[in-house]
Amino acid sequence: MIVEKVLEAKTQKIKQYPVNANRASELGHECLRYLVLNRTRWQEKALHDARLQMIFDMGRMVEGVVQQDLRDAGFNVIEQQRAFSWAKYQITGAIDCKLAIDGAVYPTEIKSAAPYSFESINSIEDIRHHKWHYMRKYLAQLTLYLLMDGKDRGLFLFKNKSTGELKEIWMDLDYDFAESLVQKAEAINKHVAEGTLPEPMEYKEDICQDCAFVHICLPDRIGKEVEISDDTELIELVSRYWTLKPGAKEYDEVDKRINELVKGREKILAGDYFIEGKYIDRTSYEVPPEIKLPYKKITQCWRKNIMRA
């Protein structure tokens, strides 16, 4: 019962707290409706589970480990968890730390990452266009800290949770992006003051699927013209689809990473597995746009999104 007791202890740590400002760590969220609900109906937000709490706790431990590694390497780590508040736009936050290097001070965010995520980020653009929305939010967080601290350059330090490896990615302040975040905060504050709610965003699987406000947003999204189906085959298939989906996503990630590791290597013995590969020729035709355009044809295809009701 050791694991069960640990999970029970983690569950007891999970609590809901009032949200009275726009958190820098959340303003990068792409759904304005979520951000407004987070301010106005925070007490109805679905609580995360013990598994996610363990991830959060590990992230805090990693932060301390990395800061100690930096000190051991001779770096001056200052202002850990320094709080920021921008009353005009109701923005708050707390930076992980700052690094003092050669007379300059750099706001620094420390992030732990799973191996696949760690390997996928090597530049600011990789973070900006990452497949996982929580990774994309990091840019807004550090941007706001730079803005509130009057700095034009900051740093991400990513730590691989599997190997312990570190990766540094520097970021210059993007004033256009910063202005868009301020405008977003203004829009949220207006909705909060007027008691209004934005329309739902267009469905995005990585954002909407596990949204903590789906029980509020989904009824609005479905509307009144929904068709109620009692097709047992459809119900069983969709249920099976939902069960298999996480495994399929993990398979795709693992397969992609294996492809990256073995590309160009003809024969590999990895543990109990033999991997063989070779280059194959593919034929393609590059047609100039002026020739292709007269043959342009628009057809319709059916696209589905499956959400848990």
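The values are calculated or read from the model by the stated rules, or taken from the named source; none is laboratory data. Computed from a prediction, not measured in an experiment: that's the story for all the values here. We place every Cβ from the backbone using ideal geometry, glycine too, and count neighbours over all the protein chains shown.
Annotations
- Only listed residue being in contact (Cβ under 8 Å) with a residue 60 or more places away in the chain, polar (S, T, N, Q) and in contact with a strand residue (DSSP E or B) (Cβ under 9 Å, 6 or more places away or on another chain), chosen from 108, 92: 92
- For the stretch 91-129, a residue qualifies if it is part of a strand (DSSP E or B), of a type in the set (A, V, I, L, M) and under 13 Å from the mean Cα position of the chain (by Cα), and exactly one does: 113.
- Pairs, first under 9 Å from residue 53 (Cα atoms) in the stretch 1-15, second among the acidic types (Asp, Glu) and not in a helix (DSSP H, G or I), C-beta under 8 Å, six or more apart: 11/49; 14/49
- Residue 213 passes every criterion in (1) over 28 Å from residue 64 (Cα atoms); (2) surrounded by fewer than 19 Cβ atoms within 10 Å (Cβ to Cβ); (3) under 18 Å from the mean Cα position of the chain (by Cα) apart from (2).
- Condition check for residue 119: modelled with pLDDT of 95 or more, closer than 26 Å to residue 73 by Cα and acidic (Asp, Glu): no
- Selected residue (only one of 162, 180 is of a type in the set (Gly, Ala, Ser) and touching a helix residue (DSSP H, G or I) at 6+ places or on another chain (Cβ under 7 Å)): 162
- Checked against the criteria, residue 150 counts as free of Cβ contacts under 8 Å to residues at least 12 places away in the same chain and either crowded, with 21+ Cβ neighbours inside 10 Å or more than 14 Å from the chain's Cα centre (by Cα) (or both).
- Candidate set: the stretch 34-79, residues that are part of a loop (DSSP other than H, G, I, E, B) and not basic (Lys, Arg); chosen: the one farthest from the chain's Cα centre (by Cα): 74
- Any hit, the stretch 280-297, residues being of a type in the set (Phe, Trp, Tyr), part of a loop (DSSP other than H, G, I, E, B) and either over 20 Å from residue 119 (Cα atoms) or out of contact with any helix residue (DSSP H, G or I) (no Cβ under 9 Å at 6 or more places or on another chain) (or both): yes
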